[in-house]
1. Can you find a residue in the range 64-80 that is in a helix (DSSP H, G or I) and either within 27 Å of residue 116 (Cβ to Cβ) or at pLDDT below 95 (or both)?
2. Within the range 139-156, is even one residue surrounded by fewer than 22 Cβ atoms within 10 Å (Cβ to Cβ), under 22 Å from residue 93 (Cβ atoms) and out of contact with any helix residue (DSSP H, G or I) (no Cβ under 8 Å at 6 or more places or on another chain)?
3. If you go through the range 218-234, how many residues are surrounded by fewer than 19 Cβ atoms within 10 Å (Cβ to Cβ) and on the phi < 0 side of the Ramachandran plot?
4. Under the condition of being farther than 12 Å from residue 128 by Cα and free of Cβ contacts under 8 Å to residues at least 40 places away in the same chain, which residue from the range 77-101 is surrounded by the most Cβ atoms within 10 Å (Cβ to Cβ)?
5. Can you tell me which condition residue 187 does not meet? The list is (1) modelled with pLDDT under 95; (2) exposed (fewer than 14 other Cβ atoms within 10 Å of the Cβ); (3) more than 20 Å from the chain's Cα centre (by Cα), and all the others hold.
6. In the range 34-72, how many residues are buried (at least 20 other Cβ atoms within 10 Å of the Cβ) and either out of contact with any helix residue (DSSP H, G or I) (no Cβ under 9 Å at 6 or more places or on another chain) or farther than 27 Å from residue 216 by Cα (or both)?
């Protein structure tokens with residue numbers, strides 16, 4: 001099921017940095033330079049989130065990587081995207097130094113009143129946050145002790161970014177990082193819970209919902225009524241495209257409210273096939289493990305088995321040896 005990783009990715013990063021360095025060297029930054037770097041950062045982040053979506057959702061559904069290939073693919077996707085973002089940060093910071101070192105009388109006309117310096121500063125902040133988010137998944141796909149080393153590095157970089165940065169406030173990625181660290185270092189659990197709880201007072205939809213999901217994962221428990229409220233909130237705001245939140249919320253229902261999970265999936269026909277593909281992969285893996293005395297089929301509900309079989313009947317069996325020929 002994994003996404004193939006091409007060796008050319010690292011070459012592309014090197015060529016990208018060389019191109020930008022040569023293009024920007026010796027010239028005063030202009031709006032196109034700044035906007036191009038911001039767009040490349042956005043595309044890098046969006047591409048990672050899209051390419052890794054099923055890998056990440058399968059992990060959330062199953063609570064584990066089903067294969068070593070899945071783990072390696074996520075690791076490589078995160079590593080390549082993180083390297084690209086780090087290269088972009090370096091170029092953005094180079095432009096920022098050039099702007100701040102410029103002594104011309106027209107500085108304000110170039111960079112002040114135009115808002116370019118402020119935009120570049122904000123772009124650097126955004127690119128760094130995107131890199132932290134992707135490095136979170138790099139840690140997820142890493143073995144110990146590398147996982148905790150990456151998480152501590154991310155936490156240190158987040159705290160460093162926060163110092164002297166007025167726009168920096170409570171941050172979801174910091175809460176998620178603390179929560180993952182708490183899995184091996186329980187002393188971080190209270191700090192993670194406090195960080196995530198702050199978002200319950202925010203008025204937007206995304207951050208309070210995302211923080212609530214992460215807090216339930218952290219605490220290992222979820223209130224059925226609370227889950228239902230969050231599902232209804234996403235339903236009434238579905239047009240805003242919270243693609244990541246709904247599966248994560250549903251998979252909490254799967255664990256703590258199976259009846260609610262079935263109801264949610266059935267009420268959203270457009271996501272039934274996707275959930276079915278995750279159920280099929282999970283069931284195929286459990287059958288294979290049972291054949292080696294490791295699997296546990298009792299954890300599969302009748303509804304999930306039905307979803308898996310429906311997916312198999314639709315012909316999506318080529319990657320699942322136990323269902324070929326259905």
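1. No: zero hits.
2. Checked against the condition, which is being surrounded by fewer than 22 Cβ atoms within 10 Å (Cβ to Cβ), under 22 Å from residue 93 (Cβ atoms) and out of contact with any helix residue (DSSP H, G or I) (no Cβ under 8 Å at 6 or more places or on another chain), the range 139-156 yields at least one hit.
3. Number satisfying all stated conditions: 10.
4. 96
5. The failed condition is (1).
6. Number satisfying all stated conditions: 4.
The values are calculated or read from the model by the stated rules, or taken from the named source; none is laboratory data. The shown structure was predicted, so the numbers you read here are calculated from the model rather than taken from an experiment. Positions of Cβ are generated from backbone atoms using ideal geometry, with glycine treated the same way; all protein chains shown enter the neighbour counts.
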